[in-house]
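All remarks here apply to the structure that follows.
FYI, it's all coordinate maths here, none of it is from the lab. Here the structure is a predicted model, which means the values were calculated and not measured. Quick reminder, even Gly has a Cβ in these numbers, built from the backbone with ideal geometry, and neighbours come from all protein chains shown.
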Amino acid sequence: MSSGPEGGLSKRKHNRLNLKSAVAAFMVATASPAVGQVPEQNTVTLASAEKGLEDLDSVRKIYEKDLDAGRAYVQRLEKRSPGEAWVEREKKDFLQRETALRSKGFLRGLSIIREYGGDISRFDMQAPIQTIEDHAALRRLLGRIPAELRKENILMPADLKENPGYRYDRPGLTEMPAKYQSIRGSLDIKDFNALLDAEEETPNFKQLFDAAVSRGPEISIGTDLLYELKKKRIGSASLANPAFVEGIARAAKAGISLSTITPYESAPSDRRDFESKMSDPAFVDAITALHAQGVVALHGIIGLPSSAYRSPDFVQNALHLRSLQRIGGFDLVRFAPMLVRSDFKQTLDGVPQKRLSETMLFLRDYASDSASWSAASNLVQRYRDDERMLSALPALTRGRLGDLEYLREFETAVRASRDVGYVSGYAAAREADDVLLWDRLGKKVGDLVELSLGQFGALMSQNSTGAIGEILRERASTVYYTRLWNMNELHDASPSKRLQELEGADAGMLFDMMTRVGADAYLSSFRLMYNGNGYTGREREYSFMAKVQQSGSLSDFLQRANPSQRAFGTFLEVLSQNDLLDTFLADLGDADTQQRTLTKFLFEGSGTLSQGQAITIDELVHATKNQPIQQFVINSLQGFLKRSDPTAGVLVAEIFRSRSDVPEWAKESVASYKEFFQPMSKLDSAASFRMEGGRELNVQLHAFYDDRGDGKPEAAWDGHQSFRNFIRTLGGDVQWSSDGAIKKVSVRKGIGLEDRGEYIVIEKKSANGKRAIRIFANKPDRNDKTVLEVNERLKQSEKPQVIVHRGHSYHANKTIGLLDESVALVNLGSCGGVKNISEVLKKSPRAQVMATRGVGTMRVNDTLLAEVDSTLLRDGAIDWQGVQTRLDSSFAKGAEDLKERWRSYQLPHRNSTADLIAAYNRSQ
C-alpha cells in the first residue's frame, strides 16, 4: 500500500477509506428504525451495510473512470479555447459532477439506477444531479418502465425526465423485445416507441422489416434501420418498395452504413428523395463503387443529381478528384456538374495544388453549360503554368468569359498588377470593365451613376447580352441608389421634383429598383416611387403603378415579369415596411386574382418552406388588414404541415401562439413549437450585468470602420463621422489630422475615458455607483485587419454582453464574426440590418437583436444607445416597451427625416424576424 508524505496512506486512498467509512455509517444510521417501529427483519445489520457499501463503492469506481475522462476533456477545452463561455459552462458542469461523486446521496441514486438495469456510465454527464439525489422521485420516474421491459430495456438519461418525449403505457409496448429479436443489442424505450409508430403507420411493417433484415445478414442492418426510422430519415412505408430494400441491402453488403448516406433533414421530401435514390440501381452502383475505392465519407451524397451518377465519367472523375484533394459526399454534390465532363481530368492536370481550390470553384460555376464550360476549361488549360492568372480567374463571369476583347483587357490588367503571387482578379476585372465600356460606349464605370434612369435603361436595352450587358446589370444597384438618395435628400422638396428622379424608367426597371434598394428609401420616397403617394401632377406618370397601368393590369405585369420567389418576397417586405401591402393587394384586383398571384409567386413549386419564405409570410400575416387574404395565407400553410415541414410548424406556432382561436389543424404545431419562443419584452439583469469589484458591470464592444478613400471628402468619412457623433453624445469631441489620424478624444466630466492607442475605454456609472457600463470602442482610423485583431482580443479578455455594429452594412459580417454564445444584446444599426439577423443568431443564439429594416443613421443609433445605457444604469434591466415609448416621443419632436428613419428600427420586442429565426434554430 502506497504511503503519503507523512508515512500514512496516500491522500487519494485515504479519501476513499473516509468515504467508505462514511457510507457504512450513513447506511446504518439512515436504515436503523426508531424504537418499537420497525419489524426485526427490516433492521439493517453491519453485514448488510457492508454489502450496501460494496455496492456503492463499485458504483463510485465505475463513475470515477468517467470523471477521469471528463477531467481530461475539460483540460483539452481550456487549452484550445480559453475563456470561452461554453467552455466555462462545461467546466462548471464537470466540477458539479466531481463534487457529486463525494455525495452519498448521489452514489445511492446511481445504485438505484443500476437496480433498474441501468448502465450508470450512460448517466455520468447527462442526467441532472438533483434528480439522481432525490431517491423518491428517482424511483417514481423509473417505476414508469413496465416490469416486463426492465431486463430488455437500456435505461437512458431521458428516462429521468418528467416528459421524456415518449410513452411507457402504450398498448403493445411490452411485446416489442420478443417481436424484434433480429435487432442486435438491447434497445431503449424510445426504440420500442419508434417501432410501434412504424407499425401504426404501416400495418404489415413487422413482415417488411424482417424481410429487409434478412437481405443483409452480414451486418446489423436491423439496428441501422431502426436508428433511421427513429430519426424519421426513412419512412416505414419505404420498406414496401422492393427496389428500395434491394438498394439498402446492396449498400449494407458493401459495408456502407445507412447513417452515412441518409439525409440530415427528416422532412417528407427528404425521405422521398432518399427512397428514390436508393431504389435506383445506378445510384447504388455509383456509391458502392466509390466506397470500394476508399471514398467512405459519403454524407450528403443523397443530393447527387441523377445526371451525375448516371454519367459514365462520374466515378472515374470522382476518383481523380479524390487523388487531388480529400473529398466526401458533399464535395461530390457540389462539384457534380464538373464530374460528368469527359475532359475533367485533362482540364485540371498540371494546376498547382495551392491554386486548385479556387480553380475548382471557378470551373464549377460554368460546368452546367457546355459553351461556358469550354471557355472556362480552355482558360484554365491555357494558364495552368501561370499562378497569377489562375488566381485572378474567379473574378470572371459568364458574360465576360465569351468576350475575347474583354479577356485580352483582363489579361493585360493582371499582367500589370503589382500584386505578388496572388492577384486580385476583381481589381483587374474593374480595369477591364472600364476599358471595354469606354471603347464601346464612350463611358467609364464611374460615369454610370450620372445617368438618368431613362438613359441607363436605354443602355441596358441596347446591350442586354455579353460582357457589356453583365457590367450594366451589376452596376444597376449603384445607379438606383444614386436616384434614391437624391429622392431622400429632397424630402422637403415638392413631389414633382422628387418624381423627376424616376424619369425614363419603365415598370420593370422600377420593380427591380424597389426590390434592390427599396429598404433604404424614406417612407415618402418609396410611396412616390410606387404610386405617386397621392400626387396628381404630370410627374405621377413616372411612378411604378402609373407605368403598369399604361400597359395593362398589375397582375398582367407580374405574369410578364415573372419575378423569382425571392424577389417577390422582398417586394412584399418593402411594401409592408412602407404600409403599402394592402394597397398592393387592392391594386391586384379581386380576391381570386390576389390569391392566384400569391399562390404563384409565394407558394408554387415549394416542397417545403425556406426561411426567407417563412419570414415573408409572417410579415404578410401580421401586416395585412385584408382578412380574406390573411386567412388564405394561413390556410395555405396546412399543405406544408401535412408534409411535416418543420419551418411551417414554427411559423404556424408564431402566428397562433398568443391567440385563443387556434384552429384544430394548427394545435399540434402550436403545442410542439410554442416552447421555442422566448419572451423578448425585457432584457433582464442576469443577462445585462455581472458582478465585478463589488458592483454590477455591463461591458460593451463598439466596432467602427475606416471609410476614408482616395478622393473622398472628409464629410464622406462615415466611420469618422459616426465616431465623432458618438463621442459628442457623451459631451465630448474628436480631433483628427487632415489625413484622418485620430489626435484627441474628450468626454464631459463624470464619464471615465482612457485612451489605449488603438481603442478607447469609456465608463459610465449609475447615480449610486452600484452599476457601471464599460464601453470599448476602436478608433476608426485603423485598417480592417487591425480593427478585427483589436476587437477579437477585447472580446476574449473583456467578455462583452453587448456588441454594437457602428458601420455600413458591408462591414456587418466583420462585426458578426465577433459574436459568441455569451452575447446578450446586438445592435445592427447599419442599413437593412434585419437581413443579417440569421447570421447573428447562429453565433449568439440567445441574443436579443436591435436592427433596422431601412436606412441606418448615426443620429438614430446614438440616441437609441444613449437611452439603452441610461435605462440599464437606472433600472439594471430593460423593458423594451418603455424604451420604445420614450424614443417615439423623442423622435416625434424631431426633424421629418429622423421620424422616417426611426420608423424602420425594430427593438427586440417588435423584431418578429429575430423571434421566428431564433425559435426555428432552437427547434432544430
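Positive end of the dipole of segment 682-909 (Cβ unit charges, origin at the Cα centre): among L872, V790, S904, the Cα lying farthest that way belongs to L872. For the residue pairs K179/K667; K354/K443; K79/K799; K749/K785; K232/K625, alpha carbon separations beyond 29 Å are given by K179/K667; K354/K443; K749/K785; K232/K625. Residues in segment 167-181 carry Karplus couplings, in order, of 10, 10, 10, 6, x, x, 4, 6, 7, 4, x, 5, 5, 10, 5 Hz; the curve used is 6.51 cos²θ - 1.76 cosθ + 1.60 with θ = phi - 60°, and Gly or Pro positions show x.
Here's the picture: charge each Lys and Arg Cβ at +1 and each Asp and Glu Cβ at -1 in the chain, and of M680, A137, M278 the one pushed furthest to the positive end of that dipole is A137.
Between D706 and any residue 5 or more places off or on another chain, the built amide H atoms are never under 5 Å apart. With the alpha-carbon atoms of segment 664-754 aligned to their principal axes, the span from lowest to highest coordinate is 68, 43, 17 Å, starting with the largest. Couplings 3J(HN,Hα) of segment 790-795, computed from phi: 4, 5, 5, 5, 5, 4 Hz, in residue order, whole Hz [Karplus 6.51 cos²θ - 1.76 cosθ + 1.60, θ = phi - 60°; x for Gly and Pro].
If you compute log10 I(q)/I(0) by the Debye sum over Cα atoms at q = 0.06, 0.07 Å⁻¹ for the structure shown, which of [x] -0.51, -0.69; [y] -0.57, -0.72; [z] -0.59, -0.81 do you land on? Identified label for the calculated read-out: [z]. I'd like to know which of A546, Y705, N578 lies farthest towards the positive end of the charge dipole of the chain, counting +1 on Cβ of Lys and Arg and -1 on Cβ of Asp and Glu. So the residue we want is Y705. Of all DSSP bridge pairs formed entirely within segment 682-909, close to 55 percent run antiparallel. Taking the C-alpha atoms only, the angle from helix 627-642 to the longest principal axis of the chain is near 50 degrees.
Per-residue ellipticity at 222 nm, computed for the chain from helices alone with -39500 (n - 2.57) per DSSP H run of at least four residues, works out to -16500 deg cm²/dmol. In order along segment 649-665, phi translates into HN-Hα couplings of x, 5, 5, 4, 4, 5, 5, 9, 4, 9, 10, 8, 9, 6, x, 4, 5 Hz, rounded to whole numbers, per the Karplus curve 6.51 cos²θ - 1.76 cosθ + 1.60 with θ = phi - 60° and x for Gly and Pro. When each of the peptides 904-917, 358-371, 859-872 is scored by how many other beta carbons lie within 10 Å of its residues on average, the order from highest to lowest is 904-917, 859-872, 358-371. Can you give the FRET efficiency to the nearest 0.05 for A158 and E668, using r as the Cβ-Cβ distance and R₀ = 35 Å? It comes to 0.95.
Size of segment 800-924 from its Cα atoms: along the principal axes, largest to smallest, the extents are 44, 33, 24 Å. For segment 705-768, the calculated P(r) over all alpha carbon pairs, in 10 Å bins from 0 to the bin holding the longest distance, is 19, 50, 23, 7, 1 percent. Annotation: the antiparallel percentage among DSSP beta bridges lying fully within the chain is about 55.
Each eigenvalue of the Cα gyration tensor of segment 173-343, multiplied by 5 and square-rooted, gives one semi-axis; in descending order these are 32, 15, 13 Å. Report, to the nearest 10°, how far helix 85-100 tilts away from the longest principal axis of the Cα atoms in the chain, using its own Cα long axis and a range of 0 to 90°. Relative to the chain, helix 85-100 is tipped by roughly 10 degrees. Return the subset of K161/K674; K92/K779; K743/K795; K712/K842 for which the Cα-Cα distance in this structure is over 27 Å, preserving the input order. As for pairs spanning more than 27 Å Cα to Cα, those are K92/K779; K712/K842.
Fully extending the segment from R139 to D661, taken as 0.36 nm per residue of separation minus the present Cα-Cα distance, adds 183.9 nm.
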